[in-house]
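The values are calculated or read from the model by the stated rules, or taken from the named source; none is laboratory data. These numbers come from a predicted model, not from an experiment. Just the protein is used for accessible areas: all its heavy atoms, side chains included, with ligands, DNA and RNA removed. Shrake-Rupley method; radii C 1.70, N 1.55, O 1.52, S 1.80 Å.
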Amino acid sequence: MKNRLLFISCSFLMLLLGVSDALRGIFTPLFLSTFGFSTGQVGLIVSASYLGNLICLLSGGIILDKIGIRRSFILFISIMAFSEISLIFGYKFPLLVIGFFISLGVSTLLNTTINLTSDNFSNDKPITYLNMLFFLQGIGTSGSQFILSQYSSSWRAWNMTLISIALLLIPVMVLIGQCRDIERKSVYPAGDFGENDGKKPCMKKLVFITLALAFYLIAEHGVTNYFLIYGTQYLALSPSRVGNALASFSIGIMLGRLVFGLAMTRIGERRMLLLSLFFCSIFYIAVYVFAISSLLFFSGLACAIVYPTVTASVRRFVPSFMGARATTMVIAAASTFDVVFNFVFGYTISFLGYRISMYFLPFCMVLALFFLIPAGLRE
């Protein structure tokens, strides 16, 4: 492995990001019962975090290209720590909105920055190590949900968690500051795909990648955002059974990133992605067309490596000086599709009902596979 210190630093950072990303869902009872906010206000917090993702990605790509990865890491982690502290005062609604706007937006930006550094982990299998890091983020998310959910209405637990995250980010920032040999150059040479001559981006392939990522995000987030109400209200399953099925989806994603990340070096990235989306489409059809909710675990397992692998491929189609900006803009564009879909999807459910509306999710997964085929990702 190259740059072991950077990998260790990113490992700790991904664990903390996983914990931080889960806080909005874990402590919703605190916001409602103790802080006295309405469900409508909680919805505004979710919208603000989506907006934070878009703005941070669009501005962060420019910052990364201007000042470099190491300095950007230090800047973004500092902002992240500040946002965690600001959330302590979240009993005032505007500060809670601003805090989540910044923390979740910068969290996504840090994810993307780690994605951009993956070539520093290994010459021959950078995506394998990248998927390991996303596995660790899943550990942080699921572990915090398991431990903190029993304290979801505790103001003290909320404050202690925020202070702990902020303090632990400091040594991570110091460690990354010691990594002075972080490279921007991709291990994949320009012209590797026949169209990029190293001076201009391959716009056609970037469009296909953006569309594939957009429909994939819609399908994946459709599970986390809507399966709970779909399972309880349409399938008439018990909340505990639906909750277990939903948890199994997250566990599948977490395990898949570890297992299939290791297998990718033998199978090839393009083949692995196409197989992943193919099988995930099959499992999605089984879950949403034939109502076999127990297959959610295999859906998560199948789609696990898609997001980190696809986003890591973006910089291969642009000149090196545009790598960060192109990656953040593709993710931001795909996320915009996701936001618009979720805005419309709620009304679609009201108009068409759960059964027909949920067919859109496997259809979106099939579209992700369809658009990824002509993207020509590397074997």
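Observations on the structure shown:
- Shape of the range 31-176, Cα gyration tensor, a/c cut at 1.5: prolate
- For the range 306-359 and the range 159-180, distance of Cα centres in Å: 30 Å
- Shape of the range 109-162, Cα gyration tensor, a/c cut at 1.5: prolate
- Along its three principal directions, the equivalent ellipsoid of the chain from the Cα gyration tensor extends over semi-axes of 30, 27, 18 Å, largest first.
- Rounded to the nearest Hz, the phi-derived 3J(HN,Hα) couplings of the range 228-236 under the Karplus curve 6.51 cos²θ - 1.76 cosθ + 1.60 (θ = phi - 60°) are 4, 6, 5, x, 7, 8, 9, 7, 6, where x marks glycine and proline.
- Taking a ≥ b ≥ c as the square roots of the eigenvalues of the alpha-carbon gyration tensor, the range 39-92 is classed oblate because a/c is 1.5 or more while a/b is no larger than b/c.
- Measuring with a 1.4 angstrom probe and ignoring ligands and nucleic acids, Leu51 comes out at about 90 Å² accessible.
- Alpha carbon centroid spacing (whole Å) that separates the range 55-128 from the range 256-287: 28 Å
- If you count Lys pairs in the chain whose Cα atoms are under 16 Å apart, skipping same-chain pairs closer than 8 places in sequence, the total is 6.
- Quotient of the Cα radius of gyration of the range 229-356 and 2.2 N^0.38 Å, N being its number of residues: 1.24.
- Sequence-separation-based contact order of the chain, relative, with Cα cut under 8 Å and 6+ spacing, percent: 25 percent
- Per residue, the accessible area of the chain comes to 43 Å², computed with a 1.4 Å probe over protein heavy atoms only.
- Per-atom-type breakdown for the range 1-65 gives carbon and sulfur 69% of the accessible area (1.4 Å probe, protein chains only).
- What a 1.4 Å probe finds exposed on the range 283-379 is 78% carbon and sulfur by accessible area, rounded to a whole percent.
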